[in-house]
Amino acid sequence: MFDALSDRLGNTFDRLRGRGALREQDVRDAMREVRIALLEADVALPVARDFIEKVTEKAVGESVLKSVTPGQQVVKIVNDELVAMLGGSEGEDGHVPLTLEAKPPVVIMMVGLQGSGKTTSTAKLGKLIREKHGKKAMMASLDVNRPAAQEQLAVLGEQAQVDTLPIVEGQQPVEIAKRALESAKLRNVDVVLLDTAGRLHVDEALMAEMKAVASVATPTEVLLVVDSLTGQDAVNVAQSFSDEVPLTGVILTRMDGDARGGAALSMRAVTGKPIKFAGVGEKLDALEAFHPRRVAERILG
Ligand code: GDP
């Protein structure tokens, strides 16, 4: 992950740091290289353009160019903007935690396309809420399109030691969501995770279903699950969902793979919402809190 991007930026910055003095043109040349590196890493074009504009504006000023270590200053500006691009100003290391302190049962709605890792991420999150937050969680699958989806969540629930809502054949998503909330209240559950249906593509029926579920479940968190390996497609999917559903955050899966990183770098700008977690494997504890500052450090080496 980020390897190619990191190498290319490293080369550009080594050259910048190697010079004693910098002219405006040197900065502009370096920024052209950074722009290409970002685009080749699959960063969305408007996001890359905006990034370069912001960095250039700050870096070509006299205070930087006339300073003793202009190269280092430029690299620092890039670092700061990279953290901002990843969503960095909030919290420790820029991590935005889950909102779990509302009146129970707190509802977390998971949305995303089929195959994005939504069901796995639901179970990972259930486990994390039980283990790290010490709260009682319950999960319910609202996926009535894919026959095995509800059973899959039940199996994962057993592994995660998190209860799942018993399956009732023939119920529709909104009915299942209502039943999950009722059951959660009866059983004193703190957090209910709703694993909504995914489809292969974003379509109107999917969005209508998400909105109907959101209106009965009034979720505190609506987390979009996207596969980081799908690059530009992940960005397009995020755009579609964020236009329709009130997202509160993003979970990027398959960050253990060799994604070029563009999805991670574009997500905050495209959705306006923080990446809260990264999926880093198939196992149920392979979920990491997303820390923009640490990710920026990894990219810049
Ligand atoms: P859904 O259709 O969106 O619910 O997707 P699933 O949760 O069924 O996941 C699809 C596949 O991706 C499964 O084989 C998961 O084990 C795998 N998967 C999910 N998240 C990750 C991840 O972060 N890393 C890796 N390597 N595999 C993942």
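Quick check, is Gly117 within 14 Å of the chain's Cα centre (by Cα), within 16 Å of the ligand (Cβ to nearest atom) and farther than 19 Å from Thr218 by Cα?
yes
Being within 23 Å of Ile251 (Cα to Cα), in contact with a helix residue (DSSP H, G or I) (Cβ under 8 Å, 6 or more places away or on another chain), assigned to a helix (DSSP H, G or I) and not hydrophobic (A, V, I, L, M, F, W, C): is that true of Glu81 here?
Yes: the conditions hold for Glu81.
Could you tell me which of the residues Ala184, Ala177 is touching a residue at least 24 places away in the same chain (Cβ under 8 Å), over 24 Å from Ser116 (Cβ atoms) and buried (at least 22 other Cβ atoms within 10 Å of the Cβ)?
Ala184
With the checklist (1) modelled with pLDDT under 95; (2) surrounded by 14 or more Cβ atoms within 10 Å (Cβ to Cβ); (3) farther than 20 Å from Pro105 by Cα in hand, flag the one item Met210 doesn't pass.
Every condition holds for Met210 apart from (3).
Go through (1) outside any helix (DSSP H, G or I); (2) within 13 Å of the ligand (Cβ to nearest atom); (3) polar (S, T, N, Q) one by one and return the number of the condition Thr99 breaks.
(2)
State all residues of the stretch 258-281 that are within 16 Å of the ligand (Cβ to nearest atom) and out of contact with any Asp or Glu (no Cβ under 9 Å at 6 or more places or on another chain); if no residue qualifies, say none.
Ala264, Met267, Ile275
Quickly run through the stretch 151-165 and pick out the residues that are hydrophobic (A, V, I, L, M, F, W, C) and either on the phi > 0 side of the Ramachandran plot or assigned to a helix (DSSP H, G or I) (or both).
Leu153, Ala154, Val155, Leu156, Ala160 - these are the residues of the stretch 151-165 that are hydrophobic (A, V, I, L, M, F, W, C) and either on the phi > 0 side of the Ramachandran plot or assigned to a helix (DSSP H, G or I) (or both).
Going by what's in this entry, would Gly87 be described as buried (at least 21 other Cβ atoms within 10 Å of the Cβ), away from the ligand (no atom under 16 Å from the Cβ) and part of a loop (DSSP other than H, G, I, E, B)?
When the stated conditions are applied, Gly87 passes them.
Say whether the condition of being modelled with pLDDT under 90 and farther than 30 Å from Asp233 by Cβ is met by at least one residue in the stretch 28-37.
no
Need pairs with beta-carbon distance below 8 Å; first residue at positive phi and within the stretch 267-295, second assigned to a strand (DSSP E or B); sequence gap 6+ or separate chains.
Nothing qualifies.
Within the stretch 234-267, work out how many residues are under 8 Å from the mean Cα position of the chain (by Cα), part of a helix (DSSP H, G or I) and either modelled with pLDDT of 90 or more or not small (Gly, Ala, Ser) (or both).
1
The values are calculated or read from the model by the stated rules, or taken from the named source; none is laboratory data. Predicted model only: the values in this text are computed from it and were never measured. Cβ atoms come from the backbone with ideal geometry, glycine included; neighbour counts cover every protein chain shown.
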